[in-house]
Structure formats: C-alpha cells, structure tokens
Amino acid sequence: MNTDDCMVLLRDLWFRYRGGSWILRGVNLCVRRGESILVVGGTGSGKTTLARVLNGVAKWVYGGEFKGYAVVDGLRVDETEPWLLAKRIHVVGQNPYMYFIDPLVRQDLEAYAYSLYGSRELACRAVRKAVESMNISGLLDKYFFELSGGQARRALVAKSMIAGPEVIVFDEPLMWLDDNGVNEFLKLVESLRFMGKTLIFMEHRFIQLLTIVDRVLILRNGVLVDETMEAHMLKHRAKSSLSRTVNIDGAHTVERSDPVVLKAEDIWFNTNGVELLKGVHLVAREGDYTYIYGGNGSGKTTLLRILAGYLKPVKGKVWRRGAAIYVPQNIHLFYTEESVAREIENMCKAVGDRAACLEKGKRVLEELGIDPLLPPFNLSHGQMVKLAVSLAGLRDDVDLVLLDEPFSGLTYTDRVELAESLARLGKTILIAVSSRDMLGYPAGSRTYRLENGVLQEYNQGASPATMYADIAGKLLGGRE
C-alpha cells in the first residue's frame, strides 16, 4: 500500500495506560487526505484511547506506554508535543463544554488564538476566519454554558479551526444531541468535507453517519477491522430507515384499569421569566413504560425533577404512590458513596429485609461484572447507567423510576438491552429523551411530546433506527 498520501498513518501501534493492560494491540491504519472514516466499537473498546494517541495526549499527558509507528500530517506522534500536534490534528471530545476556559465564547476563542499566535492581529484574523467558516457569529456573545449541545460542538469546531488542523477527530459527537442537533451536526460535517478536511468519527450512535463516511472500521480486541464492504451494503437500508417512520398509536388507545402510580395535575413552572411548563397533566399506572420526547431545553428535565419531588411547581400538584428514584442525565450525580458496595448498602437501608436486598445487590454486581470495591466514578458511562437501573430494582418500596436521557453514550445493542432491563424491573418507568431512536420500544410503551411547555400524546414519528442499527451492529462484525 502506498502510504505517501496518508494524513494519518499507524503501523503496529500498541498502547496501554501506566500499570494497565494493552488497550491497542497492533493497530494499522491509513487515512488519506480529505477522507472521512467511522470507527465503531463497544464501550471500553479503546476508541477514546485511540483519539488520545492521535493527538499525543495519551503519551504526553497520561504517560502511557507506546509502541509502534504513528504519524499525523508528517509529524511523529511520539516525538511531537501536543501543542505542536494541535496545529495538525484536533480532537473534539464527548463533552464539548469541558473545552471552554473563558465563560464568553468570544473571549475563549480570542484567548486560545492569542496563545497560539502571540499576536493580537494574527489572533483576530484566525478567529474571524474560523467564525465565518463555522457560521457562529450569533454565538460569540453567549456564555458557553448557555449553548445547546449542537451549538457547543459547532463553537468547539470553530475553536479547533483557529489552529488550522487538517485532521479533525470527533469522539462521540452525537452524544446528548437532540434530533435537530444531529441534523445541525451533519450539515457541519458537510461543510468540513467541502473544505477538504480529513475526518475521523468515534461513535456509538453510528447509523446517522453511515451515509456520509467513506469507510467504516470496527475496533475490536485492540485492533481495527475494515468493515466498509458490509457497511456499504447497509447504506441504502440506513437511508431508508432514517427517512421512514412507524405508527406507535396502538400502544395507548386501550383504556387501562391498573392502579395509578403517578398523577400530575395542571403543572406550571417558569424560570428567568420563561414558562417551561404550561398546565401539564400526566397519569402513569402500574407497569407503564412512558417516554417524554422533546428537544433540548424543552423542559423535560424540569418536569422529571418535579415528578420525582426534587422541584416544586409554581402551580399544580403531584401525587405519587410509593417511593420514586430519579436517575439524572449526568449519571455521576446519581452516586454518593466511595465504593459500589457502599452504594448498595445505602440503597438497602430503606428496605425491610436488608439482608435479602444486600444479597440481591451482590448478584447484580456479579451479573454486571463489577468489582464491589471499585468507586462508582471509575466505571464507564454505560456501566454507571446499567448499575443505576439495577440499584433501582433493589428496593421493593420504589414504584416509580424516572430517567433523564439514559440511552446517551450507549451502543445500540446496549440501548436495547437497557430498555428491556427497565421493562423487567416491574416498576412504572418514565424516560425523558431528545431523540426518536427509542420511541415505540419496547412494545406497549407510550410516548408524550413536550413542546412549548405543553405535554401531549405523540402517536406518530417513531423511528425504527435503533432496532435497525442493533441488527446492523451485529452484521458489522458481531456485538457492537
């Protein structure tokens, strides 16, 4: 293979963190100028580590052990410090908000540009060019924490463009994006492709990206396997899947007489003069599995916190039977103890038969393959979500489980498994989502849409993307 035009070239690349096992085990890769590739793989497969290797952070910041050959745009990764590599390659991380230092977007971009060029004139010129190329002039005078997920990623890409890299790596770029945000990101990708940038995507939610990349590779057992031919056959089906909707009307047209677990009447809530919730009514019965679908900022989280009892509405009342457990979008906020074992002990305090609860918790950890002495914050995002759901199932006094965006950051296969495990809990389930991917699954689930502060039944527009992608993930080389 001619490697002269490889913007990214990896030969027999091995990497492990200090004191750990090898994560990358002989990776070989050539990404040519202007090419776009997609790297998929299960949680913990090493996608983020590969991104860290490419921009030098894995070696120079984490101090890991590096073997093999890695070159990015002519620079040896193991011989070039990250600040120099940043002019050739930039990684846009999973959480874009972590990469802003100054509160105002304009200040952050200008400070970053000045740190690179050391001249106000050159810095202003670089910022102006980046702002124009990414069309973010309307975001400059906003605080970064005010931006939506899609806006924050666009601003972060503009920040990366200041250094003028030819290679941009996106680590889970669709995480936390609602359907509108995904569409915005795909338009951003088209702009970058038009500029001739070399793009590498590391993504669980890969189905939307299948139609815009040149190659698809799977990172499995520490090596990259090219699955482009299989992915090519799936592209047409992906386009069809993403454009098709299925009717989910039948799930909640039948009147049910199961006991009521949750009843919310005429709920109103406002913040900073904005009416987030306007007379919301909701009834959930025993065994209900309900989605609340809405865009980012629509008030889903606020509604869940009110229903869980963490927020008080301005007007209206909420009645709950039994206890409720709320699992926030930022899963780290769910945990409070120094070890997983202590989390189980804490959860079992309110249970009558504490010994049986603890024994059940022990079995849960064995099934999940989690060390009880491990701090919960050391678990992967997917493990933390799965553990939270399992912990909710330990308490018999809990009738209602509310989850905010639990599927974000999970592989398609893990999403399906999580949905099924929630259905098996025997609790009333209420889930806030900003994507249509999971609507209609499992069978019998109900869906409401929260828009402009009003909650209404949503009987159309469910996408079969997740079920299709679960199949696609298996076709692309087994469990994704």
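The values are calculated or read from the model by the stated rules, or taken from the named source; none is laboratory data. Everything quoted here is computed from the prediction, not taken from an experiment. Here the Cβ is made from the backbone with ideal geometry for all residues, glycine too, and neighbour counts use every protein chain on show.
For the range 105-121, the set of residues classified as among the basic types (Lys, Arg) and either within 17 Å of Ala155 (Cα to Cα) or touching an Asp or Glu at 6+ places or on another chain (Cβ under 7 Å) (or both) consists of Arg106 only.
Can you tell me how many residues in the range 262-285 are out of contact with any Gly (no Cβ under 8 Å at 6 or more places or on another chain) and either closer than 13 Å to Pro313 by Cβ or at pLDDT 95 or above (or both)?
Initial filter on the range 262-285 (out of contact with any Gly (no Cβ under 8 Å at 6 or more places or on another chain)): 262-263, 270-274, 281-285.
Going one step further and asking which of them are either closer than 13 Å to Pro313 by Cβ or at pLDDT 95 or above (or both), we end up with 262-263, 270-271, 281-285.
Of the residues in the range 262-285, 9 are out of contact with any Gly (no Cβ under 8 Å at 6 or more places or on another chain) and either closer than 13 Å to Pro313 by Cβ or at pLDDT 95 or above (or both).
Among the residues in the range 20-28, are any among the small types (Gly, Ala, Ser) and modelled with pLDDT of 90 or more?
Initially, the range 20-28 is screened for residues among the small types (Gly, Ala, Ser), giving 20-21, 26.
Restricting the remaining residues to those that are modelled with pLDDT of 90 or more gives 26.
So far as the range 20-28 goes, yes, one or more of its residues are among the small types (Gly, Ala, Ser) and modelled with pLDDT of 90 or more.
Go through the residues of the range 428-436 one by one and say whether even a single one is out of contact with any strand residue (DSSP E or B) (no Cβ under 9 Å at 6 or more places or on another chain) and either part of a loop (DSSP other than H, G, I, E, B) or buried (at least 16 other Cβ atoms within 10 Å of the Cβ) (or both). Within the range 428-436, not a single residue is out of contact with any strand residue (DSSP E or B) (no Cβ under 9 Å at 6 or more places or on another chain) and either part of a loop (DSSP other than H, G, I, E, B) or buried (at least 16 other Cβ atoms within 10 Å of the Cβ) (or both).
Is there a residue being touching a strand residue (DSSP E or B) at 6+ places or on another chain (Cβ under 8 Å), under 22 Å from Leu192 (Cα atoms) and modelled with pLDDT of 90 or more anywhere in the range 108-125?
Within the range 108-125 (the criterion being touching a strand residue (DSSP E or B) at 6+ places or on another chain (Cβ under 8 Å), under 22 Å from Leu192 (Cα atoms) and modelled with pLDDT of 90 or more), the answer is no, since none of the residues qualifies.
Taking the stated definitions as given, is Val314 surrounded by fewer than 20 Cβ atoms within 10 Å (Cβ to Cβ) and β-branched (Val, Ile, Thr)? Write out each step before concluding.
Details: surrounded by fewer than 20 Cβ atoms within 10 Å (Cβ to Cβ): yes; β-branched (Val, Ile, Thr): yes.
Yes; evaluated as a whole, the condition is true for this residue.
Here Asn378 passes the criteria (1) under 17 Å from Gly44 (Cβ atoms); (2) surrounded by 14 or more Cβ atoms within 10 Å (Cβ to Cβ) except the one numbered (2).
Look at Val31 and say whether it is touching a helix residue (DSSP H, G or I) at 6+ places or on another chain (Cβ under 9 Å) and crowded, with 17+ Cβ neighbours inside 10 Å.
On the way: touching a helix residue (DSSP H, G or I) at 6+ places or on another chain (Cβ under 9 Å): no; crowded, with 17+ Cβ neighbours inside 10 Å: yes.
Criteria not met by Val31.
Any residue in the range 443-453 that is among the aromatic types (Phe, Trp, Tyr) and modelled with pLDDT of 75 or more? Within the range 443-453, one or more residues are among the aromatic types (Phe, Trp, Tyr) and modelled with pLDDT of 75 or more.
Results for (1) within 28 Å of Gly150 (Cα to Cα); (2) touching a Gly at 6+ places or on another chain (Cβ under 7 Å), shown as yes or no for each residue.
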position: Arg18; (1), (2): no, yes
position: Trp22; (1), (2): no, yes
position: Thr43; (1), (2): yes, yes
position: Lys47; (1), (2): yes, yes
position: Ala70; (1), (2): no, no
position: Lys87; (1), (2): yes, yes
position: Met98; (1), (2): yes, no
position: Ser119; (1), (2): no, no
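If the condition is being touching a Lys or Arg at 6+ places or on another chain (Cβ under 9 Å) and farther than 30 Å from Gly352 by Cα, then the range 380-414 contributes Glu405, Phe407, Ser408, Gly409, Leu410, Thr411, Tyr412, Thr413, Asp414.
In the range 168-179, of all residues being at pLDDT 85 or above and surrounded by fewer than 23 Cβ atoms within 10 Å (Cβ to Cβ), the one that is nearest to the chain's Cα centre (by Cα) corresponds to Glu172. In the set Lys317, Lys300, Lys278, only one residue is basic (Lys, Arg), over 30 Å from Ala152 (Cβ atoms) and in the same structural domain as Glu405 (by TED's automatic domain parsing); that residue is Lys317.
Condition check for Phe269 on (1) in contact with a Pro (Cβ under 9 Å, 6 or more places away or on another chain); (2) part of a helix (DSSP H, G or I): one failure, at (2).
Among the helices (runs of 4 or more DSSP H) confined wholly to the range 282-376, which include 3 or more residues that are touching a residue at least 60 places away in the same chain (Cβ under 8 Å) and under 21 Å from the mean Cα position of the chain (by Cα)? I'd like the intermediate steps shown before the answer.
On the way: elements: 300-308, 340-348, 354-368.
Here the list reads 300-308.
Scan the range 86-107 residue by residue and report those that are over 13 Å from Met161 (Cα atoms), surrounded by 20 or more Cβ atoms within 10 Å (Cβ to Cβ) and either modelled with pLDDT of 90 or more or not assigned by TED's automatic domain parsing to the domain that holds Asp12 (or both). Once the filter is applied, which keeps residues that are over 13 Å from Met161 (Cα atoms), surrounded by 20 or more Cβ atoms within 10 Å (Cβ to Cβ) and either modelled with pLDDT of 90 or more or not assigned by TED's automatic domain parsing to the domain that holds Asp12 (or both), the range 86-107 yields Phe100, Val105.
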